[in-house]
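Engineer: Following this message is one structure expressed as structure tokens.
The values are calculated or read from the model by the stated rules, or taken from the named source; none is laboratory data. Just so it is clear, the structure is predicted and the values come from calculations on it, not from any experiment. Here the Cβ positions follow ideal geometry from the backbone for every residue, glycine too, while neighbour counts run over all protein chains shown. Just so you know, the surface numbers come from the protein's heavy atoms only, side chains and all, with ligands and any DNA or RNA stripped out. Shrake-Rupley method; radii C 1.70, N 1.55, O 1.52, S 1.80 Å.
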Protein chains: 2
Amino acid sequence: MNQYSINSINKVKRISKKADYSKKTIHQIIDEALFCHIGIIHNDKPIVIPTIHARMDDQLIFHGANASRLIRTSDQSNICVTITLLDGLVMARSHFHHSMNYRSVVLFGKAEIISDELERMDAFKAITEHVAPGRWNDARKPNEVELKQTAVLKMPIDNASAKISAKFPTDEDDDYALDYWAGIIPVNQSYGEPENDPDLKDGIELPEYLKNYTRD
Amino acid sequence: MNQYSINSINKVKRISKKADYSKKTIHQIIDEALFCHIGIIHNDKPIVIPTIHARMDDQLIFHGANASRLIRTSDQSNICVTITLLDGLVMARSHFHHSMNYRSVVLFGKAEIISDELERMDAFKAITEHVAPGRWNDARKPNEVELKQTAVLKMPIDNASAKISAKFPTDEDDDYALDYWAGIIPVNQSYGEPENDPDLKDGIELPEYLKNYTRD
């Protein structure tokens, strides 16, 4: 199956022509984004927490301190994970048709703490390599004390949808004659020159895999 | 008061030394971000929806189609609004101390549809000017039909907190001797050359206020 099945949970409700349920599209957006926003319910109120994530095949992975509200509240609970990449500001001739170009993914499902130690280490590796491929073997691995403090959760990527807006403005017919500028201001995430830690040990160079950092 | 009062709702739970409750800091983060993530509860499950916002003094403003789930579910309900600006990838000598530099704001409160027509138009203007100061008077204003389709909500900014991480990695003492690179990869949002709508009317130039677009 190249596409997630559409059901009452993941069906895009608004402007459904922008919806995309293909695995390829959904995985690409998840993989490009550096972090997600996770929605949980705590004391009957919604809470939205930004956190780093990774993907292992059809599982979304995130982690946190055992003691954190995100981890304690997410385990065995329904959560919503939303990932948003902003691509442009769309300026129309009317205010009504102003919008943004974006690629977003929304995932619904139950999260669960990973208890298997090997699976957990694979998940740690996935999170590290999600941010910087090559880094896992180029830093000290977690020790027992560190592992005890941290929980890793997984959530199946199945009730998934993407929504993509990538277009010039669509104005009302009469408005094209108006004397207002219309178009797109592109928005990108960019990465600066890596900055050495002031306490960097002498003789250590920036590793190749961190040069010209990009998410493409 | 230069600071929001700290209570059980908005008190930052994790790594509280990163917390900031000053109005100035919180307003700056809200004003710089182009969009937020709103958490709502629908059918007993959390949903997180990205949307554009603006600030009018101590009110957060957002809008949407009257028919949308976000609008229908938010009115008179407790919501959570989270805004996250990513500033850098922090590479430590141990995986455990890898992190990100960021500025985030979390707001808790009840949203409410703005019914007063003048206040509503002010809110529309605030949203437009939040994205592009100068645009409100340089596009066609909403007409009656458009106004009928759109709801604008406000939420008091009071149960508010910011969390800021802006630092080089802090490693375990023993790890500074390891031969791993450590430092920061800066992350920025950048803006490309504005692209004219292919149907742009002849003779219309890019307005001054959209040249060298920035959020600083």
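Engineer: All but one of (1) more than 8 Å from chain B (Cβ to nearest Cβ); (2) open to solvent by less than 80 Å² (accessible area, probe 1.4 Å) hold for A:Asn212; which doesn't?
Structural biologist: (2)
Engineer: Condition (residue is open to solvent by less than 20 Å² (accessible area, probe 1.4 Å) and modelled with pLDDT under 95) applied to the stretch A:111-118: is it met by at least one residue?
Structural biologist: No: the stretch A:111-118 contains no residue that is open to solvent by less than 20 Å² (accessible area, probe 1.4 Å) and modelled with pLDDT under 95.
Engineer: Please go through the stretch A:29-56 and pick out each residue that is of a type outside the set (A, V, I, L, M), buried (at least 21 other Cβ atoms within 10 Å of the Cβ) and either in contact (Cβ under 8 Å) with a residue 40 or more places away in the chain or more than 7 Å from chain B (Cβ to nearest Cβ) (or both).
Structural biologist: Result: A:Cys36, A:His37, A:Gly39, A:His53.
Engineer: Residues in the stretch B:174-194 that are open to solvent by 80 Å² or more (accessible area, probe 1.4 Å), touching a strand residue (DSSP E or B) at 6+ places or on another chain (Cβ under 9 Å) and either facing chain A (nearest Cβ under 7 Å) or of a type in the set (Val, Ile, Thr) (or both): how many?
Structural biologist: Of the residues in the stretch B:174-194, 1 are open to solvent by 80 Å² or more (accessible area, probe 1.4 Å), touching a strand residue (DSSP E or B) at 6+ places or on another chain (Cβ under 9 Å) and either facing chain A (nearest Cβ under 7 Å) or of a type in the set (Val, Ile, Thr) (or both).
Engineer: Still on this structure: In this structure, is B:Asp171 more than 30 Å from A:Tyr180 (Cβ to Cβ), open to solvent by 70 Å² or more (accessible area, probe 1.4 Å) and either touching a helix residue (DSSP H, G or I) at 6+ places or on another chain (Cβ under 9 Å) or at the interface with another protein chain (Cβ under 7 Å from one of its Cβ atoms) (or both)?
Structural biologist: For B:Asp171, the condition - more than 30 Å from A:Tyr180 (Cβ to Cβ), open to solvent by 70 Å² or more (accessible area, probe 1.4 Å) and either touching a helix residue (DSSP H, G or I) at 6+ places or on another chain (Cβ under 9 Å) or at the interface with another protein chain (Cβ under 7 Å from one of its Cβ atoms) (or both) - is not met.
Engineer: Tally the residues that are of a type in the set (Ser, Thr, Tyr) and assigned to a helix (DSSP H, G or I), restricting the search to the stretch A:49-89.
Structural biologist: Of the residues in that region, 2 qualify.
Engineer: Restricted to the stretch B:68-88, and to residues that are in contact (Cβ under 8 Å) with a residue 40 or more places away in the chain, at the interface with chain A (Cβ under 7 Å from one of its Cβ atoms) and touching a His at 6+ places or on another chain (Cβ under 8 Å), which residue is least open to solvent (accessible area, probe 1.4 Å)?
Structural biologist: Checked the stretch B:68-88; the qualifying residue least open to solvent (accessible area, probe 1.4 Å) is B:Thr82.
Engineer: Taking A:Ile204, is it of a type in the set (Val, Ile, Thr), at pLDDT 95 or above and within 24 Å of the chain's Cα centre (by Cα)? Show your work before the answer.
Structural biologist: Values: of a type in the set (Val, Ile, Thr): yes; at pLDDT 95 or above: yes; within 24 Å of the chain's Cα centre (by Cα): no.
Spelling it out, it is not the case that A:Ile204 is of a type in the set (Val, Ile, Thr), at pLDDT 95 or above and within 24 Å of the chain's Cα centre (by Cα).
Engineer: Something else now. In the stretch B:57-67, which residue that is modelled with pLDDT under 95 and surrounded by fewer than 19 Cβ atoms within 10 Å (Cβ to Cβ) is farthest from the other protein chains (Cβ to nearest Cβ)? Walk me through it before giving the result.
Structural biologist: Let us first name the residues in the stretch B:57-67 that are modelled with pLDDT under 95, namely B:64-67.
Narrowing further to those that are surrounded by fewer than 19 Cβ atoms within 10 Å (Cβ to Cβ): B:65-67.
Details: B:Ala65: 7, B:Asn66: 11, B:Ala67: 8 Å.
It comes out as B:Asn66.
Engineer: May I pose another question? Go through the stretch B:178-211 residue by residue and tally those that are among the hydrophobic types (A, V, I, L, M, F, W, C) and in contact with a Lys or Arg (Cβ under 7 Å, 6 or more places away or on another chain).
Structural biologist: Within the stretch B:178-211, residues that are among the hydrophobic types (A, V, I, L, M, F, W, C) and in contact with a Lys or Arg (Cβ under 7 Å, 6 or more places away or on another chain) number 2.
Engineer: Quick check: is even one residue across the stretch A:137-152 over 30 Å from B:Gly134 (Cα atoms), surrounded by fewer than 19 Cβ atoms within 10 Å (Cβ to Cβ), touching a Lys or Arg at 6+ places or on another chain (Cβ under 9 Å) and hydrophobic (A, V, I, L, M, F, W, C)?
Structural biologist: Yes, some residue in the stretch A:137-152 is over 30 Å from B:Gly134 (Cα atoms), surrounded by fewer than 19 Cβ atoms within 10 Å (Cβ to Cβ), touching a Lys or Arg at 6+ places or on another chain (Cβ under 9 Å) and hydrophobic (A, V, I, L, M, F, W, C).
Engineer: Restricting to the stretch B:11-22, give me the number of residues that are open to solvent by 60 Å² or more (accessible area, probe 1.4 Å) and part of a helix (DSSP H, G or I).
Structural biologist: Final tally of qualifying residues: 2.
Engineer: Kindly list the number of the only condition in (1) buried (at least 21 other Cβ atoms within 10 Å of the Cβ); (2) touching a Phe, Trp or Tyr at 6+ places or on another chain (Cβ under 8 Å); (3) at the interface with another protein chain (Cβ under 8 Å from one of its Cβ atoms); (4) over 20 Å from B:Arg215 (Cβ atoms) that fails for B:Phe96.
Structural biologist: So the condition that B:Phe96 fails would be (2).
Engineer: If you check B:Thr25 against the conditions, is it more than 8 Å from chain A (Cβ to nearest Cβ) and assigned to a strand (DSSP E or B)?
Structural biologist: In short, no.
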